[in-house]
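The values are calculated or read from the model by the stated rules, or taken from the named source; none is laboratory data. Worth saying up front: this structure is predicted, and the values here are computed from it rather than measured. For neighbour counting, all protein chains shown are included, and Cβ atoms are generated from backbone atoms with ideal geometry for every residue, glycine included.
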Amino acid sequence: MQVYPHITEAIQHPHIIDIGDQVYVAKFECMKVYSTLTAIDHLIKKGTLKVGDTVVDSSSGIYAHALALACHRFGLKCHIIASKTVDDSFKTQLSLLGATYEPAPSGQSLKLDQEFRVNRIKHLLAESPNVHWMQQYHDDIHYLGYQKFAQKICHSLDLVPDDSLTLIGGVGTGCSTGGTAHYLRGQGINLNVQGIQPFGSVTFGAEFVDDPEAVIAGIGSAIPFNNVRHDIYQDIHWMSFNTCLSGSLALMKEHAIFAGLSSGAGLTVARWLRNTGHKSPILLIAPDTGHRYLEAVFQRPHLAEPIDSLEPKKLSHLSELSMPWSVIPWPQLETHFTPKHYKNNRLAKVG
């Protein structure tokens, strides 16, 4: 039996679960431990950080937890500018881990929430230049940890160069799906990446469609994120809160997997792909547990629809985007997608 020196090493790797029909779930307790643990270790080895230094970043939930855990592991101080979506459970854990946090003002829109958090960090840096900003939204150091995940996928699914795999996951900051895809392709895997976004996210140009129930902070963005490599994704799925809720409840009822909204969205996409003749093995990412969604999702089963009855509206242009679920083949649109916030950014090489 393996014995770990710290909880981060124990929980960073997911369990790979076969749910049938060559569909697999990578179930994490806290996926972003991959990112934070590797990034902090890298910065310490470079000499950028040393024991006792303070790191700061903005978070809507699981990144804050993961960063606090990594700082606990390496003896660093941690300060979080917390989204209004961060619940009491996370705040309590942050405090007990020795991290400090300050919330965004209540009552703000999620766009203002994200803008406030980034501006607050810039203010802190001006006051305390020795604080290190981790920049989960913009620094490609956060891709590095997902090399281990890509290796685990290949090992668990017995993948070898030229094998095919479809990867489904939330886009968010771009690091989890983007980093995993980068390293899988580096191992010669013929990869199809299905990215999940909420309506209202600016990342792929959906800010003009509002979902009043959407929790945008986890898998979308109300402000530009430079870490997203748009060219990684074959299809982008915009999914409503209720569509994701239906998938999360189905994941729990059918497979006993208690996970959040992006996990439910992934199951719904996987089921639709299979129902429409998609052939390759499918791996969907379940990045966290369902605890933070208990009231909003799991205690509202009356809102769920049978996911086999759900299918997306297929788009040829972003102007056709509409609720509750739309999908577009991204490569056909990417060259025409040039709003002012879009950047074909520097992340051509990682690792």
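Numerical summary
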{"quantity": "Test result for ILE307, assigned by TED's automatic domain parsing to the domain that holds ILE196, modelled with pLDDT of 95 or more, over 20 Å from the mean Cα position of the chain (by Cα) and among the β-branched types (Val, Ile, Thr)", "calculated": "yes"}
{"quantity": "Filter result for ALA150 (at pLDDT 95 or above, among the small types (Gly, Ala, Ser) and crowded, with 21+ Cβ neighbours inside 10 Å)", "calculated": "yes"}
{"quantity": "Some residue of the stretch 236-253 being touching a Pro at 6+ places or on another chain (Cβ under 7 Å) and among the charged types (D, E, K, R)", "calculated": "no"}
{"quantity": "Answer from THR166, THR173, THR180 - the residue that is of a type in the set (S, T, N, Q) and either assigned by TED's automatic domain parsing to the domain that holds SER59 or modelled with pLDDT under 90 (or both)", "calculated": "THR173"}
{"quantity": "Residue ID - nearest to ARG271 (Cα to Cα), chosen from residues in the stretch 208-223 that are modelled with pLDDT of 85 or more and surrounded by fewer than 24 Cβ atoms within 10 Å (Cβ to Cβ)", "calculated": "ASP211"}
{"quantity": "So PHE204, is it closer than 22 Å to GLN135 by Cα, surrounded by 24 or more Cβ atoms within 10 Å (Cβ to Cβ), within 16 Å of the chain's Cα centre (by Cα) and assigned by TED's automatic domain parsing to the domain that holds PRO281", "calculated": "yes"}
{"quantity": "Any hit, the stretch 29-42, residues being of a type outside the set (D, E, K, R) and out of contact with any helix residue (DSSP H, G or I) (no Cβ under 8 Å at 6 or more places or on another chain)", "calculated": "no"}
{"quantity": "Any hit, the stretch 73-86, residues being over 23 Å from GLY169 (Cα atoms) and out of contact with any helix residue (DSSP H, G or I) (no Cβ under 9 Å at 6 or more places or on another chain)", "calculated": "yes"}
{"quantity": "Qualifying residues in the stretch 33-56 (those that are part of a loop (DSSP other than H, G, I, E, B) and either in the same structural domain as LEU273 (by TED's automatic domain parsing) or among the small types (Gly, Ala, Ser) (or both)) - the one nearest to GLY145 (Cα to Cα)", "calculated": "GLY47"}
